[in-house]
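**Student:** Have a look at the structure that comes next, please.
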Amino acid sequence: MFSSSLLLSSPIEDSNLESFIHCITPTPPSRSLPQSCIQELNSQWQPLDKDIVEYFTLEDLWNCYYEWSAYGAGTPVVLNSSEEITQYYVPYLSAIQIYTNKSVTASRTPREDTDAVEFESDSWSDDSGSDKLSRSLSNNSSRAWDAVSEDSSLEQEGSWPTTNKLGNLYFQYFEMSSPYWRVPLSDKVTELARNHPGLMSLRSVDLLPASWMSVAWYPIYHIPSRKNEKDLSTCFLTYHTLSSSFQDSPVDYDNSCCSEVAKTTERKPKPKPKGSGTISLTPFGLATYRMQGDLWVKPDTSDEERLVNLHCAADSWLKQLNVQHHDFNFFSSHSTM
């Protein structure tokens with residue numbers, strides 16, 4: 001079902017933060033909607049006067065994470081000693097909400113999806129890399145995570161948006177288990193798609209602007225190995241929109257529940273070479289955990305400002321959708337930013 005994804009390279013002159021963002025940005029192949037189908041789109045979110053409407057399928061999106069889930073996504077990191085290493089991160093599905101204009105048949109109700117985040121003690125196999133993940137997170141972090149889990153579970157009841165302006169909530173999933181017990185993103189999506197086939201068949205043009213996902217990135221190893229580099233244990237939480245409405249910005253979002261993210265998209269357009277044949281899902285939001293020192297903030301750059309702006313964008317998005325995101329709450333409460 002999955003095909004190999006091409007690992008992106010990053011220019012050496014980029015800061016470590018920019019290199020990370022570049023290397024973990026999924027770029028599913030672009031498809032063109034037949035002219036006869038353009039008029040069927042929702043005119044509120046999609047311009048109907050375009051000659052070509054590009055989209056991606058969710059299955060193609062998950063394909064981008066297949067090799068990353070198996071081996072880790074490598075990103076170049078320049079240490080303070082000017083030595084360059086490659087740091088590898090494994091992606092985990094942290095949260096996802098899919099809104100559609102039309103109801104999609106599923107074997108579970110949205111409420112049951114909320115309950116799907118229960119702890120799964122047998123998720124990790126002996127060779128899954130959990131031992132590497134355990135080394136990158138301390139026991140104190142695990143205890144802190146459990147405390148946040150209890151708080152989040154109390155707040156979660158009744159927090160999901162039910163207003164019609166968001167569209168039909170086809171599917172939602174919020175990971176609540178400790179990082180030790182999670183399975184990589186591609187495995188989790190395959191598991192969830194057994195009961196929700198739309199996770200494979202839906203297209204970005206089928207999704208309303210409130211559709212989004214969050215990916216947690218945990219470090220597993222770096223080559224060559226270097227000890228006592230505390231910043232190499234930094235974890236990241238990225239946010240990505242899933243709807244074609246955000247691929248470019250011709251729509252007036254002033255009355256949209258997603259206006260803040262639309263503004264962020266307009267301020268930082270996603271460059272896409274003509275004929276590239278891909279769609280870049282650059283993160284619109286980001287949070288960090290265990291970031292120490294200045295390894296990820298390059299002097300005389302806008303790194304620090306960008307970190308703040310990305311964190312604020314994620315916070316604004318969650319508030320607009322009235323969502324309590326467990327991982328975001330944990331990362332934010334333990335962030336040094």
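**Student:** Output ³J(HN,Hα) for region 303-319: one whole-Hz value per residue in order, computed from phi by the Karplus curve 6.51 cos²θ - 1.76 cosθ + 1.60 with θ = phi - 60°, and x for Gly and Pro.
**Tutor:** 4, 4, 5, 5, 4, 5, 5, 5, 5, 5, 5, 5, 4, 5, 4, 5, 5
**Student:** Now, a different point. Take the alpha carbon atoms of region 277-337, find their radius of gyration, then divide it by 2.2 N^0.38 Å using N residues; give the quotient.
**Tutor:** Taking the Cα Rg and dividing by 2.2 N^0.38 Å, one obtains 1.25.
Computed from the coordinates by the stated procedures, all read-outs in this text should not be read as laboratory data. Source: prediction; values computed, not measured.
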